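The values are calculated or read from the model by the stated rules, or taken from the named source; none is laboratory data. None of the values given here were measured: they were computed from a predicted structure. So basically every Cβ, Gly included, is an ideal-geometry build from the backbone, and we count neighbours across all protein chains shown. Ligands, DNA and RNA are excluded from the accessible area calculation, which covers all protein heavy atoms including side chains. Shrake-Rupley method; radii C 1.70, N 1.55, O 1.52, S 1.80 Å.
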Amino acid sequence: MNQANVVKIRGAREHNLKNVSVDVPRDCFVAFSGISGSGKSSLAFGTIYAEAQRRYFESVSPYARRLIDQLAVPDVDSIEGLPPAIALQQQRGASNPRSTVGSVSTLSHLLRMLFSRAGDYPRGLALLYAEDFSPNTPQGACPNCHGLGQLYDVSEQSMVPNDRLSIRERAIAAWPPAWHGQNLRDILVSLGYDVDVPWHRLPKKQRDWILYTEEQPRVPVYAGYSPAETRRALKRKEEPSYLGTFTGVRKYVLETYRGTHSAVMKKRVTRFLSAMPCPVCHGKRLKPEALRVRFGGEDIAALSHVPLSELSRRLSESNLTHLSDERRVAAERLIRNLVQRIGTLDKLGLGYLFLDRTAPTLSPGESQRLRMATQMSSNLFGVVYVLDEPSAGLHPADTEALLEALQVLRSHGNSLFVIEHDLDILRRADWLIDVGPGAGEEGGEILYSGPPQNVRKVAGSATGQYLFKKPPIIADDPRPATGWLKLRKVTRNNLSALDVDIPLGVFAVVSGVSGAGKSSLLHALIDLLHDRVARERAATEAGQAEELPPLSGTAPQSSGELHAGGENVTRVVSIDQRPIGRTPRSNLATYTGLFDEVRRLFAATPVAKAHRFGAGRFSFNVSGGRCPRCEGEGFVSVELLFMPSVYSPCPVCHGARYNEATLQAKLRGKNIAEVLGLSVRQALEFFAAEPSVQRPLKLLNAIGLGYLRLGQPATELSGGEAQRIKLATELQRVPRGATLYVIDEPTIGLHAADIDLLLLQLNALVHAGNSVLVAEHDTRILAQADWVIDLGPGAGNLGGRIVAAGTPAMLAENASSKTGIHLAKSCGRDTQSA
């Protein structure tokens with residue numbers, strides 16, 4: 001390694017790094033490896049990128065600096081030879097539904113320019129500017145839906161899911177529960193409506209008035225009276241219990257949704273709202289004038305819903321001979337730029353996306369590759385690109401294209417610092433820096449820095465053990481299914497009238513190239529099971545069936561039929577990578593429930609009893625025990641004029657989050673703040689005599705999260721960590737059996753060693769009588785599954801079909817399956833001989 005061409009890091013102590021010093025070569029592909037939580041991100045992002053950003057912002061005016069979200073100054077003695085850096089991190093797509101693939105990639109702006117300058121305008125329509133073709137500007141947005149393309153409203157079916165019930169039997173599910181709902185029913189009695197006849201037998205005029213009226217009549221209410229007694233009391237003009245004001249069901253739902261400050265109430269009424277296409281723009285989001293302009297016979301909304309690879313073909317074949325010389329030159333230049341940029345996205349395996357695909361629906365891997373394509377088009381030179389697991393969510397068949405894209409960035413004279421777990425990518429790196437040996441306090445050391453092939457010689461390196469380990473072995477004795485969920489005519493995203501059978505009582509995997517429809521199938525399954533549960537709950541209220549346990553999942557969004565097998569599933573648990581909380585007040589201990597038991601133990605200490613401290617005293621989320629200065633945050637914000645706010649430990653509690661009186665209560669020598677500072681592994685030893693606390697701690701440790709602190713804020717957790725915390729939380733519940741666990745890509749962000757731990761837990765769920773269904777690419781998961789459903793053959797509109805279904809051995813022998821070919825190659829089998 002040329003010592004003049006390195007980034008020299010000395011004394012890095014960010015997070016769990018233990019005074020690390022290392023030389024990182026520039027102008028090459030450097031991979032950072034290590035088990036989850038070992039300190040890779042602390043070195044690559046928390047130290048190298050944070051320092052590069054700090055140096056850049058020193059050249060920016062203080063006023064401008066104040067407007068930019070900045071990282072904290074890294075804890076490091078010195079860094080020499082550091083060029084400017086750009087971070088491409090793993091993160092969920094933007095939460096704004098107006099953010100799309102087109103806006104993130106800037107392709108939409110080029111397409112709008114093309115329509116503005118070279119579109120076919122109808123007679124009499126004046127020239128429109130690019131902004132007129134954008135649904136996100138006042139000039140272009142549909143005036144009715146303000147550019148959203150849809151309106152949220154209620155329907156009779158959503159408000160009254162079971163029309164066989166009477167109003168008294170709570171047919172109007174959208175009305176509020178408890179007293180408020182009873183009040184509205186009593187008002188209807190006073191208004192002369194029959195609340196005891198089944199809803200469907202009420203005249204339509206009456207049903208419509210109850211549901212949709214804007215009137216709010218105020219009438220006498222006689223609480224506890226029967227309808228007949230109410231009629232007599234009204235006739236005699238008796239003194240009422242009170243005067244009640246009626247509110248129509250639709251009015252109640254919409255006003256509650258818009259005006260409530262209660263998250264619980266908002267969540268409740270959201271169930272009754274449905275997104276409906278805007279009747280003016282028909283979901284196209286644009287004003288009528290913009291939709292009248294055509295290019296190649298299509299309006300801009302139609303072209304924005306074409307897969308990028310197809311859009312590129314159409315643009316390349318455009319006939320421009322009818323345009324004037326000036327307009328043709330502009331069109332050719334814009335088309336050339338669009339086709340070139342789309343080609344980069346296509347090479348990264350994203351050709352199945354379309355411009356109007358909203359950013360919140362993108363996976364973290366898709367979002368990162370989308371931003372990577374933008375960087376490849378920028379042709380920057382001499383930059384350090386810091387990437388966070390770019391292979392996340394990527395099928396092995398697309399890995400080669402990713403490596404080619406990385407080589408393009410490097411060939412432009414840039415440096416690639418890549419955090420990775422994918423063994424194929426690690427083997428292809430120019431330089432490997434392995435961090436470990438363990439996670440959290442047990443990690444933070446540089447185990448190896450050099451060419452990848454020599455890491456195998458390093459004792460204690462989990463990466464070295466797996467990088468050149470024997471390939472995984474396909475299970476020879478898969479478990480037989482105990483039943484089947486038979487889904488028919490499933491339609492969602494690129495799934496179109498798909499028939500699929502999903503085995504129960506086993507470990508099943510949905511595989512396929514990126515964009516083949518794996519997640520769509522999982523969500524469709526949840527939706528169809530949700531429909532069945534909703535119907536059975538409605539029947540329960542009519543006294544016809546036993547109520548099913550709660551279902552976690554999404555509101556129905558898919559079409560299709562659960563043809564058979566639903567009776568074999570009594571509970572569905574969907575475990576995704578969404579955060580377990582959006583604020584630092586949510587943490588590992590609170591989410592798993594173990595904090596309740598810890599607070600109970602503190603309330604039983606002598607000091608707590610003497611001061612009559614209950615368990616609530618030891619919560620930092622309520623007044624009483626928390627620090628009054630920072631209100632339990634542990635830090636305070638210091639506002640600096642023309643500079644970004646600085647967060648520093650609270651000057652009163654010094655980060656402990658509790659007041660002094662609360663901290664006097666100690667459990668075996670530690671106060672509540674010190675206990676929250678323990679790692680899961682340390683807490684296992686500390687609470688050795690407390691079985692109720694031991695159970696969740698053992699599960700968290702067994703799933704590879706022993707390095708996390710009990711009080712680790714939810715905002716500091718990765719998607720993979722959040723997903724495993726959810727899984728551990730489910731594992732500690734009382735076993736019921738007949739539960740279906742639906743998990744979307746659980747290996748994202750996991751080292752090979754952590755995947756082996758995950759496999760043990762997933763198989764434990766099956767051994768307990770449950771069913772596990774995961775969407776996955778990882779060879780280890782595929783090889784150990786009992787059944788695989790492979791979707792494809794391609795992505796987007798080229799996918800959504802079943803390529804193969806069977807045991808892993810059957811898949812590995814299927815030469816028409818890209819997944820099967822990769823599985824055979826990774827496990828030493830040859831599909832050509834099949």
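Details
- Residues in the range 794-812 that are in contact with a Leu (Cβ under 8 Å, 6 or more places away or on another chain) and either over 19 Å from K489 (Cα atoms) or among the acidic types (D, E) (or both): P808, L811, A812.
- Pairs, first over 22 Å from V500 (Cα atoms) and touching a residue at least 24 places away in the same chain (Cβ under 8 Å) in the range 761-776, second in a helix (DSSP H, G or I) and aliphatic (A, V, I, L, M), C-beta under 7 Å, six or more apart: Q761/A702; Q761/L727; Q761/L731
- L700 being within 24 Å of D756 (Cα to Cα) and crowded, with 23+ Cβ neighbours inside 10 Å: yes
- The set of residues from the range 26-35 being open to solvent by 10 Å² or more (accessible area, probe 1.4 Å) and out of contact with any Pro (no Cβ under 9 Å at 6 or more places or on another chain) comprises D27, C28.
- Some residue of the range 505-512 being open to solvent by less than 10 Å² (accessible area, probe 1.4 Å), modelled with pLDDT of 95 or more and of a type in the set (F, W, Y): yes
- Cross-chain or 6+ apart pairs with Cβ under 6 Å, the range 70-83 first and over 14 Å from E58 (Cβ atoms), then open to solvent by 40 Å² or more (accessible area, probe 1.4 Å) and at pLDDT 95 or above: D75/R13; D77/R10; S78/R10; E80/K8; G81/K8
- Only one of the numbered conditions (1) over 18 Å from F507 (Cα atoms); (2) open to solvent by 10 Å² or more (accessible area, probe 1.4 Å) is violated by L750, and that is (2).
- Total residues in the range 452-471, condition closer than 24 Å to K825 by Cβ and open to solvent by 40 Å² or more (accessible area, probe 1.4 Å): 7
- Selected residue (criterion: nearest to D153 (Cα to Cα)) from residues of the range 268-282 that are open to solvent by 30 Å² or more (accessible area, probe 1.4 Å), out of contact with any Phe, Trp or Tyr (no Cβ under 9 Å at 6 or more places or on another chain) and not in a strand (DSSP E or B): R271
- Selection of the range 472-495 for residues being part of a loop (DSSP other than H, G, I, E, B) and open to solvent by less than 50 Å² (accessible area, probe 1.4 Å) yields P472, I474, A475, P478, A481, N494.
- Considering residues of the range 287-297 that are open to solvent by 10 Å² or more (accessible area, probe 1.4 Å) and modelled with pLDDT of 95 or more only, the residue farthest from Q139 (Cα to Cα): F295
- Inter-residue pairs, beta-carbon under 6 Å, first closer than 15 Å to H395 by Cα and β-branched (V, I, T) and in the range 811-827, second open to solvent by less than 30 Å² (accessible area, probe 1.4 Å) and not in a helix (DSSP H, G or I), 6+ apart: T819/S511; T819/D790
- Residue within the range 246-267 that is closer than 30 Å to A223 by Cβ, of a type in the set (G, A, S) and open to solvent by less than 20 Å² (accessible area, probe 1.4 Å) present: yes
- Scanning the range 315-355 for residues that are among the small types (G, A, S), surrounded by 17 or more Cβ atoms within 10 Å (Cβ to Cβ) and not in a helix (DSSP H, G or I) turns up G349, G351.
- Residues in the range 1-27 that are touching a strand residue (DSSP E or B) at 6+ places or on another chain (Cβ under 6 Å) and hydrophobic (A, V, I, L, M, F, W, C): M1, V6, V7, I9, A12, V20, V22, V24.
- Any hit, the range 425-440, residues being part of a helix (DSSP H, G or I), open to solvent by less than 10 Å² (accessible area, probe 1.4 Å), at pLDDT 90 or above and on the phi < 0 side of the Ramachandran plot: yes
- Applying the condition of being open to solvent by 10 Å² or more (accessible area, probe 1.4 Å) and part of a helix (DSSP H, G or I) to the range 724-747 and asking which residue is nearest to A714 (Cα to Cα) yields K726.
- Residue-level check: of (1) open to solvent by 10 Å² or more (accessible area, probe 1.4 Å); (2) at pLDDT 85 or above; (3) closer than 29 Å to L128 by Cβ, L308 misses just (1).
- Taken over the range 601-621, the residue count meeting the criterion of being loosely packed, with under 15 Cβ neighbours inside 10 Å and touching a helix residue (DSSP H, G or I) at 6+ places or on another chain (Cβ under 6 Å) is 1.
- Looking across the range 333-344, just one residue is free of Cβ contacts under 8 Å to residues at least 24 places away in the same chain and closer than 14 Å to R112 by Cα, and that is R333.
- Any hit, the range 539-561, residues being buried (at least 19 other Cβ atoms within 10 Å of the Cβ), touching a strand residue (DSSP E or B) at 6+ places or on another chain (Cβ under 8 Å), within 30 Å of E169 (Cα to Cα) and at pLDDT 80 or above: yes
- Residue check, T358 modelled with pLDDT of 85 or more, open to solvent by 10 Å² or more (accessible area, probe 1.4 Å) and under 17 Å from L308 (Cβ atoms): yes
- Residues in the range 571-596 that are open to solvent by 40 Å² or more (accessible area, probe 1.4 Å) and within 14 Å of V675 (Cβ to Cβ): T590, D596.
- Breaking point among (1) open to solvent by less than 30 Å² (accessible area, probe 1.4 Å); (2) closer than 30 Å to D120 by Cβ, for S377: (1)
- Residue in the range 361-379 that is modelled with the lowest pLDDT, counting only those that are under 24 Å from L416 (Cα atoms) and of a type in the set (S, T, Y): S363
- Enumeration of residues in the range 516-531 that are more than 15 Å from L498 (Cβ to Cβ) and open to solvent by 10 Å² or more (accessible area, probe 1.4 Å): H530, D531
- Here R54 meets the list (1) modelled with pLDDT under 95; (2) within 23 Å of P390 (Cα to Cα) almost entirely, failing just condition (2).
- Of the candidates A689, A665, the single residue that is among the aliphatic types (A, V, I, L, M), assigned to a loop (DSSP other than H, G, I, E, B) and farther than 23 Å from R626 by Cα is A689.
- Breaking point among (1) out of contact with any strand residue (DSSP E or B) (no Cβ under 7 Å at 6 or more places or on another chain); (2) touching a residue at least 12 places away in the same chain (Cβ under 8 Å), for G440: (1)
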